[in-house]
Amino acid sequence: MKKYIGIFIITICIITGCKKSFLDVPINAAAVTEEALATKAGVQSLLVGTYHDLTGMSLSSRWWTTSGTNWQWSDVTSGDAFRGGTGATNDEPEGVGIETYLTSPSYTYVLNKFKAVYDGVARANAVLRTIPKATELTEQEIKDAAGEARFLRGHYHFQAKILWNKVPFIDENVVDFKVSNEADIWPLIEADFKYAYENLSEVKEFKGQANKWAAACYLAKTYMFEKKFSEAHELLNTIIANGKNAQGVKYALNPCYWDNFDATKENSTEAVFQIQFSVNDGSNGYNSNIGEAANVPATWPVSSWYTTWKQPSFNLVNAFKTDENGLPMLDTFNVTNMPNDKNMESWDWFVPYQGTVDPRLDHTVGRRGIFYLDYNYGSPNPGKDWINSHDFGGPYLNKKGVYRYDEYGVYSDYYAQGYLQTSAVNYSLIRYADVLLWAAECEAEVGSADKAREYVNMIRNRAKTGCSVDIDYSTGSPSANYFVEPYEDAWSDKDFARKAVRFERRLELALEGHRFFDLVRWGIAADYINNNYLVEEKTRIGHLQSVSFVAGKNEYLPLPQVEIDLSVKDGVPLLKQNPGY
């Protein structure tokens, strides 16, 4: 569906709230109603608009705050990345407040994200209200349209649940939007994904559409967050045996790890469900990945405050070290800091870390002395002049989702404001590696610890054999000392299995917007952040020195105060604020 996102935008903007600037074409709003769209084409129009909200771009968008990739809300808050930029005073201070766990109910970031998520819910509900009025649809077309709408509604409510926890569930029958958030909405999210799983077709017309197995995977993800490991275990076994992408091709890991972040290899056998981004399509950049525009591409030299955000942390980089057996250093990786060029000038002599590392490090992180895709062929390696502030964001750069320099103008576009290049690289909300690691986690919890090892080794063997990182063109050799191996010894201890699986998730899915939500669902966020991550990182980045994570509070965002005020009924707000705010 990637190339078809813009087809029906004009129509759906009136009902579901698109920006007029998507196509900037005047429309007679009074003539466009849900009844007027009660046709097969009209239902498809509404669905396209519902898919578009996956990007996070809506009337309430603020790029990074509403981005569907969640980097601000997960990568930064988990300790896998620093906010980056130039500093707290002149560079979006609310973003730094989120990084330092000082988020307030009055933050516009929080309000914008809340509104963007529920805008997606509203669009899905518009589809579901329109379907019964559309007489042209066959029985299977009704099931598919309703299945996609409920899948997408499930996604948006899922996002609300993991961000705020105490949130309302809004279905197509709600007319009074002063609603309570006291009930747990997990069962209703489950119901949407179950309906989609049971009713959606396996094969879809367009790449990027949700199919039966994408719904199954999202249902399994819901079970994981609910800690329903037995239910997830059974479903994941079915998915692994039978799951297929929207083109009917059986799920499998891509041969090359980087294929998951290559704009030329999207919607692959590993792509369970992706946000579809496109460029140079007449949308003035609005269909591109605007949410990560400040993170990609790394330009040299830096030309804007709004670049070099989402900078990988020292802790994350250290996690990719491997031992003499090619295995992760689960307990000791952060004891010594990997040599880096923090506050060194770009012309200073620097020798990168000579120890062994997992090659996924240099698919994930841009670091001095290692080629950064093809941006620095014949020019300096990533150094100080590639980054706004080493003191504030450290010496490392994000790499995932970055188009190559020779793809400039092909997989890039100017966003409307004109000073940032945005990307066409899709973002995977779920990829098959994620599914295998959930299966490993279930085995560690309710199954066989050694079966968990088998799943983890599938991931590690791909890291070992899948395509190499860019070589050093001056020597023709690999850029670093890459050494990764599978776990050879059988696992019998469930505690060790749990630790190893969780660590593998961090390595495999680094900077993909999952880490913080994993820490929270595992119940270890406060302990890990305060007693592991911040202990050393406070000595490395100055503005983190007085930071601490408050257990029972910082696991979730505060509800926007504006929304609480709007929920007042008979003098009492129906939306209740989260603890600690």
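Here are a few things to note about the model shown:
- Criterion (crowded, with 23+ Cβ neighbours inside 10 Å and under 24 Å from Ile564 (Cα atoms)) met by exactly one of Val121, Val127: Val121
- Within the range 523-544, the set of residues being part of a loop (DSSP other than H, G, I, E, B) and within 15 Å of Ser313 (Cβ to Cβ) comprises Lys538, Thr539, Arg540, Ile541.
- Residue in the range 492-515 that is assigned to a loop (DSSP other than H, G, I, E, B) and surrounded by fewer than 18 Cβ atoms within 10 Å (Cβ to Cβ) present: yes
One line per residue, one yes/no per condition, for (1) part of a loop (DSSP other than H, G, I, E, B); (2) at positive phi; (3) at pLDDT 95 or above:
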position	(1), (2), (3)
Pro301	yes, no, no
Val317	no, no, yes
Gly326	yes, yes, yes
Phe333	yes, no, yes
Met338	yes, no, yes
Asp348	yes, no, no
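- Residue within the range 387-404 that is crowded, with 20+ Cβ neighbours inside 10 Å, touching a strand residue (DSSP E or B) at 6+ places or on another chain (Cβ under 7 Å) and basic (Lys, Arg) present: yes
Matching residues to (1) surrounded by 15 or more Cβ atoms within 10 Å (Cβ to Cβ); (2) under 22 Å from Val335 (Cβ atoms); (3) in contact with a helix residue (DSSP H, G or I) (Cβ under 7 Å, 6 or more places away or on another chain):
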site: Asn532; (1), (2), (3): no, yes, no
site: Glu537; (1), (2), (3): yes, yes, yes
site: Arg540; (1), (2), (3): yes, yes, yes
site: Ala551; (1), (2), (3): no, no, yes
site: Asn554; (1), (2), (3): yes, no, no
site: Pro560; (1), (2), (3): yes, no, yes
site: Asp570; (1), (2), (3): no, no, no
site: Leu574; (1), (2), (3): yes, no, no
site: Asn578; (1), (2), (3): yes, no, yes
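- Residue count for the range 337-351 under the criterion of being more than 28 Å from the chain's Cα centre (by Cα) and not hydrophobic (A, V, I, L, M, F, W, C): the result is 6.
- Here Ala232 meets each of (1) farther than 30 Å from Pro187 by Cβ; (2) more than 17 Å from the chain's Cα centre (by Cα); (3) not polar (S, T, N, Q) with one exception, condition (1).
- Residues of the range 158-210 that turn out to be in contact with a strand residue (DSSP E or B) (Cβ under 7 Å, 6 or more places away or on another chain) and modelled with pLDDT of 95 or more, as a count: 2
- Filtered residues of the range 17-74 (kept if among the small types (Gly, Ala, Ser), at pLDDT below 65 and part of a loop (DSSP other than H, G, I, E, B)): Gly17
- In the condition set (1) of a type in the set (Val, Ile, Thr); (2) at pLDDT 95 or above; (3) not in a helix (DSSP H, G or I), Val520 is compliant with all but (3).
- For Gly97: the one exception among (1) farther than 30 Å from Asn578 by Cβ; (2) surrounded by fewer than 20 Cβ atoms within 10 Å (Cβ to Cβ): (1)
- Unique residue being of a type outside the set (A, V, I, L, M), touching a residue at least 60 places away in the same chain (Cβ under 8 Å) and closer than 29 Å to Phe277 by Cβ when the list is Gly355, Gly401: Gly401
- Elements of type strands (runs of 3 or more DSSP E) contained in the range 399-459, each with 1 or more residues being modelled with pLDDT of 95 or more and either over 23 Å from Pro255 (Cα atoms) or not hydroxyl-bearing (Ser, Thr, Tyr) (or both): 427-431
The values are calculated or read from the model by the stated rules, or taken from the named source; none is laboratory data. Since the model is a prediction, treat every value here as computed from it, not as a measurement. Please note: Cβ atoms are built from the backbone with ideal geometry, for glycine as well, and neighbour counts cover all protein chains shown.
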